Structures are given as C-alpha cells and as structure tokens.
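Structure first, commentary second.
Please treat every number below as a calculation from the coordinates, not as lab data. This structure is a prediction, so every number in the text was calculated from the model and none was measured. FYI the Cβ positions are ideal-geometry reconstructions off the backbone, even for glycines, and counts take in every protein chain you see.
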Amino acid sequence: MGVQAYLAEQLDPAKLEDGACDKAVERCPILRESINSLFMEYPQPGINLFRPDLRGKVLSAKENEDAYGRIFSMVNDLAAARLTRIVGSRRQLYEVMVDFWFNHFNVAFDKNGVEWLVGSFERDVIRPHALGNFRELLTAVAKSPAMLVYLDNNDNFADPNFKPVPDPSMMAMGSGTMMMQNAPGKGQRINENYARELLELHTLGVDGGYSQKDVVETARVFTGWAVAGLSSDSAPQPVCFKFKGWHHDANAKTILGRSFAPDGEKEGEEVLAMLSRRPETAKRIAFKLCQRFVADEPPALLVGKVAETFLASDGDIRETLRAIFKSPEFLSAEHYRTKVKTPLEFVASALRALDARPADWGSTVRALETMGQPLYRCEAPTGYPQTAKAWVSSSSLLGRANYAAHLFDASKGTLPFSLAPFEGEAPGGQALVLGNAFRVLLNGEVSETTRKALASEREGLDTGKLAALVMASPDFQRR
Amino acid sequence: MALWSLPPWLHAAARMASRSKTLVVLFQRGAADGLNTVIPFTDPLYMKSRPSIGLKYSAGDDGILDLDGRFGFHPSLAPLVPLWKSGQLAVVHCAGSPNDSRSHFDAQDYMETGTPGVKGTADGWLNRAISSFPEAGMDPLSAIAISSRPPRILRGNVPVTSMTSLKDHSFVQGEDAAETFEAMYGGSKGLLGSAGAATTDSVKRLRSLLSSSAPAKYAGYGNGALPQALSDLARVLKSGAPVKVAFVDIGGWDHHIGQSYRLMDLLNQWGRGLSAFWRDLGDKANDVVVVSMTEFGRTVAENGSQGTDHGHGGVMFMLGGPVKGGKVYGKWSGLERESLYEGRDLPVTTDFRQVLGEALAKHLGVTDQAKIFPSFRPGSPVGWI
C-alpha cells in the first residue's frame, strides 16, 4: 500500500477493524468509569465528596498515605490503557491525534482535583473530536470538568457589586463603544487563568494580537462556567458542566474589538466560535500540526496553506490534515526523517516495531517518567514540547539506550515479543542479526556511521544486545 | 607543562578547575508556604490567621525552633539549626517574583527564564549564566541538572549534563556499549550529535572521577528523591568535577488541603537533605552556595480545608561557605491586613533576581548580568554573601 492510500485509510479510522485492540482495552476497567464512580472508589482524605460514610473521619498518617497512593494508582492505570492503544491499535493516526489534542489542551493529573477528571477528559472530550471539528472540540474542552478545574475557571466569579464604568481613554479615541474598565483590587473575584490560556495556548497564540484587557474581558465572559457536583455542601450529584448564572458577570464585554451583549452562557459559546475562526488561531493550529508531522521549524509557505484549509473548512481537522499529507513538503527529501522522536514516540515506535504485547506496562510507564514525559502528568498547560531542542539531552539519550537494553533483557522473565524476526530461520551470526535489526527497526535505512560502528562490535553478542544497540542508535531516534 | 603552550580555552579550563566554585539552585515546585516554615511566632496575628494549622511556640519543647526571638523554624527543620547557628544558613523573607501571577506554571517559567512577565524567552537564566564563562561548553560537567527532564532553567546554547540520578547515568550494557554508542553518534550533526557527545563524555568523565577519588557514600541523607539527588551531587562535586552551576528540584508544595501533615513531611525531606549535603561536602562546602526558591508563597490566612491558597511573597534560603548566615534578611512589614499584598498575601519586598544576582557576582564572579537578567535593575544589595 502506498503512503497516500495508507493515510486515506487512517483518516477514516472507524472503518479500520481494530478488534484485537478493543479486546485488550477491555482489560482496563478505569476507562469505563464515570467521574462520580471514581470519586466513590478513590475517596480523597478530608473531602470524600461522595462518601458520607467517610466524612469527618480522622485518618492515621498511614491511612492517609494509603488513600493518596490509591488515588495515584489511577494515573498508572490510565497510562497503561493509553499505551495499550498506542502500541496495539491499527488506528495509528487517530491515536496520534488523540495525543496531539490532549497535549494541546493539556490537563495534569497532579493538579488538585483533576485526578478523577482526566479519564473522562480523554474519553468524552478529546476522543470524540480528535478528527472532527476544531470549534466543537474547543467548546467541549471549555465545558469539561477537567479543564474547568485545571485552569481554575471553576473559581471564576463575577463580583456582585461590580458596576461597569466607561473607560475614558476609549471614549477619547472616539471608538463610540463604551468599554468596561476593570478596576483591579476592587473586590474583583474573576480568575484569569483559563481566559489567558484560552487565548494564549488554545487559540490565538502568544503573539495573537490580544491585550491584557482582552484577557480580563474574556475572563468576565466565562464567569459562571463551572462544575456542578464538586461542592461538599450539597448532596452528591453528577459531576458535570453547569452554567451558574448567579456567578456570571451580566455586563457587556468587548474582546478583540467585537462587543458581546449580555447573553449568559451563549456569550462564551460565541467567543469560542469567534476565536476558532480567527486567522491567528488557524495559523497557530497549522503551525503546531506541521511541527508535529513535518519539521520542528516548518516552512512558512506550508503553514500558510494549511491555515487556509483550516479556515476554509471552518476548522475541519480531517481536511486540515489532508492538506498537510498531500503537500510536497510532507514527504520531501529535505524533511524526511528529520524529526527526533519524543520519549513517547520512541517507546511507541520501539514496541510497535517489535509487535510487543506487554502484560504489565509498569516498567514502560516508569521509563517514560525517567525520560521526562510521563503520560497525563505534564504540569504546565502548554503540554509537552514537540521539538528536539526540548528533549535531546544526555539523560534522555541514556534513558533510551537503557530502556532498549532492559526491553531485550530476558534474564528477568519472558520477553513480551518474539526475537524470530531478528534471528531468521537459520543461524547466521551477528551480520545477519544486524541486517535483520536494520530492517525491523529502521526499515533498512541505516546510516553508514551506525552500520560501521555496529559492524565493529565484538563477536559473541546475543541477539537482544545487538537489537538494543540498534534501538539506541541516532537513526532510531529519528522519525 | 607550560601553560602558555596550551590553546587559550585550556587556560580558561585550568583557571576554572582551580577555582571550581559552584552555585546550586534548588527549586521547590508548587509554591512552598513561607509562613509556616520561617514563622513570625511572636506576632499574635500569625495564630489568628491560622487557628488550625498555625504552629505554637513554647520554650523547651519540640515546637517552633526560635531563630532570633522573632522568627522560628518549623520543627521539621531541626537538622538545619546547627547550620543557622554556625552562620552558614540565611533566609530572605518576602522574596519572590515581581510578577503577581498566581499560576504555578507561569511563575515557575518566569523564575527559570529570569524574565518575569515575559513568556516565550527561549533559554533559561542558568544557561545564560554559564555562557558568561569563556570556557562555557568545553566540559559538559560545568553545568549539571539532576532532574527527570532537562529543566527550563538550563535550556540554551551551552551543552549541559542532565541526569535522572548518578546510578542511571551509565550504560546498563557496559563500557563496550558506551563505545559503540559514541561511534554511532560521532557522525550525527546538530542536537543529537552534541547531546550524544555530552552523554558519552559525561558518563566517562564521571566514571573516571568517581573511580579515582571514590568518595565514600555518606549515609546521613535518608530517603526521598531530593536527598538522593543531593547525595549524587555531593559525590560529583567532591570528585573534583568543575561544576559551575547545578540544579535540583523537589515538587509537591501545593498544600491547599491538609497542609500540616504534608508540609511536615516535605520540610523534613528538604531540611534533612540540605543538612546532609553540607556535612557530606566537608571542606568542599566552602566552595558551594545553595539557593533554594519557590515560585510564590501562600495566603497568610488558612482556607476552609486546613490548607492555604496561592499567594505572593515567599521565602528563599541560602546555604554555603561564603553565606553571611544566622540572619533573616528582607523587609518584613508585619501581618496587618493593610501591609499584605492585596490584603491577603505576604508582599514581595526582595526580587528573586537580587538574591541570585548577588550569588552570581560574589560567588561565581559574574558581574555583568545584563544578559542573564535582562531589564532587571538591581537594587541595594541584600548583603547575604
């Protein structure tokens, strides 16, 4: 199958039979649990939202530690489930895009309160829209309990005593619009965290032409966008998005020069729609996608073309990807295999090349942590970087070499993959094994330096050791 | 060997080795609570603001450790009291970033890039600091991070050694694999090539340094990621590696709920780690300065769940030979509501760059800091070093 036929198939993942992976994922019960049932099963000491039986119970230090340990175990289960899919699914592009969007709209397990919400965020928000429409994805994110807690919009309230005053500077400019001036320190209770990241990270980008005032006005639009069910004052109820009108700032707002009349929850939806259609947003998303699929510093011409498609298709993610894949830059010699794999891409490509089916993902989950990219645990809202500059270091290269060595180390038990593809049918010595390893791991494309370095390796190394060295080579770090 | 016959960079390297002063930056990620760490225990407003999590002082028991009749350490910091008394440990209260972001991510980013309020600064200030030295980049051991990911603060043009731990900083397949690795990466250009070289260089250098001097492992660190990282760092420093700057971090300080137990545990680890680091270094401690910092402090008043929320001013700690210790530095304006930032947080009365700038100038001899902390104009010295 040619590359384009493969990509066309990948762009329509629903048609790809994926029964084996679906079956493997069935062994990950955490994926099916609702937010509420997670709160029940993994109660938080001192809060115990849904466990009246535990409220007010004083825990010993040991019990406290155990409870937090159980909560923490959720992230290992989620990571194992994600790795099962990344390694086992035939819907490769879809899994890549799930990772891309999760990372673009990052939420961190380690933020207080997000632990129980991360699973639902991926399942109910990211996955349904990963190849869908950007505006719908953006809106689903804005209303997700995980994002509302992670970026504190759940704590973004209007000041009930706040009265708008005309901004004299705007009046003097003769704009004709009555701008509302926020008087900081006068009892404002708005929280700018989500608004700022919405503009800076989710849509326009840091150079996207918005001002601090736009941030404040955006925060005012989203006052009252909150999560129901997280208050211990009330009886347990479903944890979900709720527009709390009584927390909403009911005055008019102006963002990026466009005014928004008071309209409750609709204001926010309109702001999201506007942001999703801005050329700055198109450029930012196009840039990040090209950076993911083409080069760390993608050609401006390509980014421009892809951004045009994004705008013309009203944020159709599939169409936007098609524009990248059919571009001459995508497979050009200039950009061919120039991207350095992130730790996750390294691990995924290694396990996929081996067709590995680990029963226990613990060592891989820990290795990702050692290499600096633990799943669901990027604390910053920026998500993990996707350029070589941020990943290539002595610790990460050693981490990769050592992960490969452990992967092929049979002394601790049976390998979760077969060595047959490396050894062939007849014993043929190291040269044969190396040739096979180049084919299996590098698609046969090995640099002269690597070939020479490995050819001079002393005789007597077993298959696993040789294969691990190929996996540690600079050639395998590129994709 | 006559020095003038050597290439210029080796002169520089020789000079560097002879001085071998080290600045260690320790980041307490998550916004550490300064007020329950260096406690204004004689101020009645302290207990009033923190009726359930406040710590009590009574002479002679194992409560607050009196420092100067006004401030006292959290009881978990008992291992640091001897260092305080001998003048090796100092504190700046109400220190922090002038940017008032209460976002962990932004505030950490600003403190690591050294450019508060400016997002998108590409490199970290510690990397810019090391590039002040003409021999920068000659030896990958001149800048070391012991942290799971190459930290923002050391990102930049100068190659650095980052390691998860000393134990992990070797090839599990052994020396032959290291040689093959070196040969494979020898042909790579760009980042992979330079990081590949830094990998084998640092692995080899550390192996030879540690095998020749083989400092005995000091046993006083105890458990925890930070004490173990400091133990590794001490071994590297004692081996004679010409480390100019080093970075370690410890997370988990964001105590919105149940603060007492969690802070006790973390301070225990942090204080024990620093005290063991000092004792472990022995004579070498005279060449080392540690500065510990956090992205911002926490609210003066406790919240409804026996915790504290994001605040502003925090506490910085300085430990080392040249430190003028035994003193709480920084302007303290009390806990009255009107002296607090926005009526709720300790104000920032000392810019973190002021404290770090004094370390760079007085300890490492880096006086031109215009590129390290751009747009920062130093004020009157704190005078802690």
| remark: For chain A, the Cα gyration tensor yields equivalent-ellipsoid semi-axes (√(5λ), largest first, whole Å) of 45, 29, 18
| Neighbour-limited loop hits for GluC sites (Glu not before Pro), the range B:161-206 (at most 14 other Cβ within 10 Å; DSSP other than H, G, I, E, B) | none
| request: Specify the angular offset, from 0 to 90 degrees and rounded to the nearest 10, of the alpha carbon long axis of helix B:104-113 from the longest principal axis of the alpha carbons in chain B. | output: 50
| task | Count neighbours as other Cβ atoms within 10 Å of each site's Cβ, and list the GluC sites (Glu not before Pro) in the range B:325-385 that are DSSP loop with at most 15 such neighbours. | result | B:Glu336, B:Glu342
| field | Rg followed by Dmax, in Å, when the range B:203-315 is reduced to its Cα trace | value | 17.2, 56
| task | Considering the convex hull of the alpha carbon atoms of the range B:85-212, report its projected area averaged over all viewing directions, in nm², one decimal. | result | 11.5
| message | Beyond a 18 Å Cα-Cα separation, which of these cross-linked pairs lie in this structure: A:Lys253/B:Lys119; B:Lys189/B:Lys244; B:Lys238/B:Lys284; B:Lys238/B:Lys327; B:Lys217/B:Lys284; B:Lys167/B:Lys217? | response | A:Lys253/B:Lys119; B:Lys189/B:Lys244; B:Lys238/B:Lys327
| task | Place a +1 charge on the Cβ of each Lys and Arg in chain A and a -1 charge on the Cβ of each Asp and Glu, then give the dipole magnitude about the Cα centre in debye, rounded to the nearest 20. | result | 200
| Convex hull per residue volume in Å³, alpha carbons only, for the range B:286-357 | 109
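What percentage of all Cα-Cα pairs in the range B:22-86 are separated by more than 14 Å? All intermediate terms of the calculation are to be shown ahead of the outcome.
Values: 1277 of 2080 pairs.
Tail fraction, whole percent: 61.
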| note | Per residue convex hull volume, Cα only, the range A:181-322, in Å³ is 151
| task | Send over the semi-axes of chain B's equivalent ellipsoid, whole angstrom and largest first, taken as the square roots of 5 times the C-alpha gyration tensor eigenvalues. | result | 37, 22, 20
| query | Can you list, bin by bin at 10 Å, the percent of alpha carbon pairs in the range B:320-385, starting at 0? | reply | 19, 41, 29, 12, 0
| field | Lys/Arg +1, Asp/Glu -1 at C-beta; the range B:298-385 dipole; positive extreme among B:Phe376, B:Asn303, B:Leu340 | value | B:Phe376
| Using the alpha-carbon atoms, what tilt in degrees (0 to 90, nearest 10) does helix B:190-213 show relative to the longest principal axis of chain B? | 80
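Under a Cβ-only charge scheme (Lys and Arg +1, Asp and Glu -1), can you give me the dipole magnitude of the range A:396-479 about the Cα centre, in debye to the nearest 20?
Working: 9 positive and 9 negative charges, 60 e Å.
Computed about the Cα centre, the dipole is about 280 debye.
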| task | Pull up the DSSP beta bridges for the protein assembly as shown and report the antiparallel fraction as a percent, rounded to 5. | result | 55
| task | Considering the options B:Ser132, B:Ser101, B:Ile250, tell which one lies farthest towards the positive end of the dipole of chain B, charges being +1 on Lys and Arg and -1 on Asp and Glu at the Cβ, about the Cα centre. | result | B:Ser132
| field | nm² value of the averaged projected area, convex hull over the Cα atoms of the protein assembly as shown | value | 39.0
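Find out how many positive minus negative residues lie around A:Pro298, taking Lys and Arg as positive, Asp and Glu as negative, among other residues whose Cβ is under 13 Å from that of A:Pro298.
Local charge sum for A:Pro298: +2.
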| note | Comparing B:Asp68, B:Asp109, B:Asp33 in a Gaussian network model of chain B (Cα, 10 Å), the one with the largest mean-square fluctuation is B:Asp68
| query | Okay, helix-only estimate at 222 nm for the protein assembly as shown: each DSSP H run of n ≥ 4 adds -39500 (n - 2.57), divide by all residues, round to 500 deg cm²/dmol; what do you get? | reply | -12000 deg cm²/dmol
| In chain A, which longest range has no GluC sites (Glu not before Pro) that are both DSSP loop (not H, G, I, E or B) and surrounded by at most 15 other Cβ atoms within 10 Å? | A:27-424
| query | Count of lysine pairs in the range A:274-424 with Cα atoms under 26 Å apart, counting only pairs 8 or more residues apart in sequence or on different chains? | reply | 18
| remark: Treating every alpha carbon of the range A:322-463 as one equal point scatterer without solvent, the Debye formula yields log10 I(q)/I(0) values at q = 0.10, 0.12 Å⁻¹ of -0.44, -0.63
| query | For the range A:9-145, what number results from the quotient of the Cα radius of gyration and 2.2 N^0.38 Å? | reply | 1.19
| request: Rounded to the nearest 10 degrees, what's the angle between the helix B:225-238 long axis and the longest principal axis of chain B, both from Cα atoms, 0 to 90? | output: 50
| said: Just checking the output field for A:370-381: average partner chain Cβ neighbours within 10 Å of each residue's Cβ? | reply: 3
| Dipole of the range A:271-311, positive direction: furthest Cα of A:Pro298, A:Phe310, A:Ala273, with charges on the beta-carbon | A:Ala273
| Within a Gaussian network of chain B (alpha carbon springs, distance under 10 Å), most fluctuating of B:Arg353, B:Arg344, B:Arg128 | B:Arg344
| query | Where does the charge balance sit around B:Ser375 when Lys and Arg score +1, Asp and Glu -1, over other residues with C-beta under 13 Å from its C-beta? | reply | +2
| remark: Measuring from its Cα centre, the protein assembly as shown shows a charge dipole (+1 at each Lys and Arg Cβ, -1 at each Asp and Glu Cβ) which, in debye to the nearest 20, is 1100
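I need the trypsin sites (Lys or Arg not before Pro) found in the range A:305-346, filtered to DSSP loop residues with at most 16 other beta carbons within 10 Å of theirs.
Those that pass, being in a loop and sparsely packed, are A:Lys326, A:Arg337.
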| Computed over the range A:255-377, Cα set: Rg, Dmax in Å | 19.4, 58
| message | Are there DSSP H segments in chain A that both extend 30 Å or more along their axis (alpha-carbon positions) and score a mean Kyte-Doolittle hydropathy of at least -1.0? List them, or say none. | response | A:61-88
